[in-house]
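Asker: Before I ask anything, here is the structure I am working with.
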Amino acid sequence: MKTHHISHACFFIMALLMQPLWASDTERDLVKEDSDTERGLVKEADEVLINIAESVIKIPIAEGVSVEDAIDSMKLKANALNMKFAGHQQLSKQYKSIGMKDIQRTEIFQFCDVRIAKKMLDFDIHFLAYMPCRVGVIEDKKGQVWLITMNLNVFITSVDLPPELIKIATEVRDNMEIIMEAGANGDL
């Protein structure tokens with residue numbers, strides 16, 4: 001699995017998202033000014049530019065692998081890694097149900113190791129906003145199907161975690177990459 005470089009802007013976005021929800025507008029503005037203005041991350045007062053592609057891991061489904069085999073492979077591998085299947089949203093079906101046209105297949109699959117989730121939430125309840133782990137399955141306009149997930153290196157390297165939580169967060173990251181590789185290759 002190729003590791004992607006994460007821009008400083010991604011770290012800034014994660015820091016903002018990890019702030020307490022009760023932070024006032026003034027507190028949020030001060031955090032932005034103090035931590036990022038000198039690094040050139042703030043374009044205007046409230047606008048931050050990031051390269052969204054750098055904040056995710058994106059893998060094409062291999063030629064000859066059906067989308068159904070990719071999905072089944074991810075579910076089987078996730079189960080073997082104790083990342084239980086937690087949910088599924090079929091966005092493309094919802095698009096069609098409201099009359100949208102030119103729909104490419106778009107689905108989201110959720111996986112979670114509840115023991116690890118509990119440890120992360122015991123440390124900081126704000127992690128709930130990022131649970132469960134998700135893998136998107138999407139067909140681009142050229143017909144290529146991709147598996148996409150959040151690059152968990154953003155969290156591991158930008159949040160002040162104790163060593164034991166770094167270890168389990170790294171395990172989740174590695175498991176998600178294994179799950180995606182299994183799906184991309186149709187490893188039933």
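Asker: Looking at the stretch 47-90, which of its residues are among the β-branched types (Val, Ile, Thr) and either touching a strand residue (DSSP E or B) at 6+ places or on another chain (Cβ under 6 Å) or modelled with pLDDT under 95 (or both)?
Answerer: If the condition is that a residue be among the β-branched types (Val, Ile, Thr) and either touching a strand residue (DSSP E or B) at 6+ places or on another chain (Cβ under 6 Å) or modelled with pLDDT under 95 (or both), then Val48, Ile50, Ile52, Val56, Ile57, Ile59, Ile61, Val67 are the ones that fit.
Asker: Continuing with this model, one more query. Scan the stretch 59-104 for residues that are among the basic types (Lys, Arg) and either surrounded by 15 or more Cβ atoms within 10 Å (Cβ to Cβ) or in contact with a Leu (Cβ under 7 Å, 6 or more places away or on another chain) (or both) and jot them down. Can you show your working first?
Answerer: Filtering the stretch 59-104 down to residues among the basic types (Lys, Arg) leaves 75, 77, 84, 93, 96, 101.
Passing the criteria: Lys75, Lys77.
Asker: Name every residue in the stretch 157-170 that is closer than 15 Å to Asp113 by Cα, touching a residue at least 40 places away in the same chain (Cβ under 8 Å) and within 15 Å of the chain's Cα centre (by Cα), in order of residue number.
Answerer: Hit for the stretch 157-170 is Ala169, nothing else.
So that you can scan it fast, the table gives a plain yes or no per residue for (1) basic (Lys, Arg); (2) within 30 Å of Ile168 (Cα to Cα); (3) at pLDDT below 95:
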{"site": "Asp36", "(1), (2), (3)": "no, yes, yes"}
{"site": "Leu41", "(1), (2), (3)": "no, no, yes"}
{"site": "Ala45", "(1), (2), (3)": "no, no, yes"}
{"site": "Ile116", "(1), (2), (3)": "no, yes, no"}
{"site": "Asp122", "(1), (2), (3)": "no, yes, no"}
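Asker: I've got another one for you. Of these, Ile156, Ile178, Ile125, which one is of a type in the set (Val, Ile, Thr), in contact with a Lys or Arg (Cβ under 7 Å, 6 or more places away or on another chain) and surrounded by fewer than 18 Cβ atoms within 10 Å (Cβ to Cβ)?
Answerer: Going through Ile156, Ile178, Ile125 in turn, the sole match is Ile156.
Asker: Also, I was wondering about something else. Of all residues in the stretch 61-115, count the ones that are over 17 Å from Ala182 (Cβ atoms) and over 21 Å from the mean Cα position of the chain (by Cα).
Answerer: Count: 11.
Asker: Between a first residue in the stretch 97-123 that is among the β-branched types (Val, Ile, Thr) and a second residue that is loosely packed, with under 15 Cβ neighbours inside 10 Å, which pairs have beta carbons less than 6 Å apart while being 6 or more apart in sequence or on different chains?
Answerer: Note: pairs meeting the criteria are Ile103/Lys96; Ile108/Gln89.
Asker: If I ask for residues that are of a type in the set (Val, Ile, Thr) and either in contact with a Gly (Cβ under 8 Å, 6 or more places away or on another chain) or modelled with pLDDT of 95 or more (or both), which ones from the stretch 100-113 would you list?
Answerer: Selection gives Thr106, Ile108.
Asker: Before we move on, is Leu188 modelled with pLDDT of 95 or more and not charged (D, E, K, R)?
Answerer: For Leu188, the condition - modelled with pLDDT of 95 or more and not charged (D, E, K, R) - is not met.
Asker: Looking only at the stretch 128-153, count every residue that is without any contact (Cβ under 8 Å) to a residue 60 or more places away in the chain, loosely packed, with under 15 Cβ neighbours inside 10 Å and out of contact with any helix residue (DSSP H, G or I) (no Cβ under 7 Å at 6 or more places or on another chain) and tell me the total.
Answerer: Going through the stretch 128-153 one residue at a time, the tally reaches 4.
Asker: Counting only residues that are in contact with a strand residue (DSSP E or B) (Cβ under 9 Å, 6 or more places away or on another chain) and more than 16 Å from Ser66 (Cβ to Cβ), how many does the stretch 104-148 have? If you could, list the steps in order and put the result at the bottom.
Answerer: Taking the stretch 104-148 first, the residues in contact with a strand residue (DSSP E or B) (Cβ under 9 Å, 6 or more places away or on another chain) are 104-114, 130-140, 144-148.
Those left that are additionally more than 16 Å from Ser66 (Cβ to Cβ): 106, 108, 110-114, 130-136, 140, 148.
The qualifying residues number 16.
Asker: Checking Thr149 against (1) over 11 Å from the mean Cα position of the chain (by Cα); (2) outside any helix (DSSP H, G or I): exactly one of these is not met. Which one?
Answerer: (1)
Asker: Among the residues of the stretch 45-94, count how many are charged (D, E, K, R), assigned to a helix (DSSP H, G or I) and in contact (Cβ under 8 Å) with a residue 24 or more places away in the chain. Full working, then the answer.
Answerer: Residues of the stretch 45-94 charged (D, E, K, R): 46-47, 54, 58, 63, 68-69, 72, 75, 77, 84, 93.
Next cut, assigned to a helix (DSSP H, G or I) only: 54, 68-69, 72, 75, 77, 93.
Retained after the next criterion (residues that are in contact (Cβ under 8 Å) with a residue 24 or more places away in the chain): 54, 69, 72, 75, 77.
Number satisfying all stated conditions: 5.
The values are calculated or read from the model by the stated rules, or taken from the named source; none is laboratory data. Since the model is a prediction, treat every value here as computed from it, not as a measurement. Quick reminder, even Gly has a Cβ in these numbers, built from the backbone with ideal geometry, and neighbours come from all protein chains shown.
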